[in-house]
Amino acid sequence: IPVLGRVYLSIRSQDLRPFIGVAEQLADLGFTLAASQEIAVLLKRNGIDCESVYNLGEGRPHILDRMKNGEIQWFIHLPSDSRSQSDERLMRCTAIAQGIPVITTLSGALAAVNGVRQYIRDGLKIRPSDRRLLS
């Protein structure tokens, strides 16, 4: 999971309210947020800066172009009922093929953001859970 860069948010409208906190934390950590026009507008209404990116079929460069061009470093995708499943599958597969980390649940996004915050604050520290293993 990257500690800087652009995060593309693909979120169902009904999941946006619980996701607002995650988006705020990502922005506070210095990530640039990007999303479809609909989600970007909703985030901006909540005081969170977010770039608008074309979905497939809306124009170019669309999200797949942005992934292939190295402009997206992290993809948070909470599956949608409104977009076609084939488009969503194509976005996830493209992200994976480009080596972009993909998170597909709200709890996973929260855990990842907390981990990034901890890493930025304290750096990487390895502590064995059982000191007997070191002997």
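Structural remarks
- Of the set (1) surrounded by 19 or more Cβ atoms within 10 Å (Cβ to Cβ); (2) in a helix (DSSP H, G or I), all apply to Ser107 but (1).
- Applying the criterion of being touching a residue at least 60 places away in the same chain (Cβ under 8 Å), open to solvent by less than 70 Å² (accessible area, probe 1.4 Å) and part of a loop (DSSP other than H, G, I, E, B) to the residues of the range 47-82, the residue that is nearest to Pro2 (Cα to Cα) is Gln73.
- Test for Gly123: is it more than 16 Å from Leu33 (Cβ to Cβ), more than 13 Å from the chain's Cα centre (by Cα), modelled with pLDDT of 90 or more and open to solvent by less than 80 Å² (accessible area, probe 1.4 Å): no
- Hey, Ile1 touching a residue at least 40 places away in the same chain (Cβ under 8 Å) and open to solvent by less than 30 Å² (accessible area, probe 1.4 Å) or not: no
- Residues in the range 25-38 that are under 12 Å from the mean Cα position of the chain (by Cα) and part of a helix (DSSP H, G or I): Gln25, Leu26, Ala27.
The values are calculated or read from the model by the stated rules, or taken from the named source; none is laboratory data. These figures come from a predicted structure and were not determined experimentally. All Cβ positions, glycine included, derive from the backbone under ideal geometry; neighbour counts span all protein chains shown. Calculation scope for accessible area: heavy atoms of the full protein, side chains included, ligands and nucleic acids excluded. Shrake-Rupley method; radii C 1.70, N 1.55, O 1.52, S 1.80 Å.
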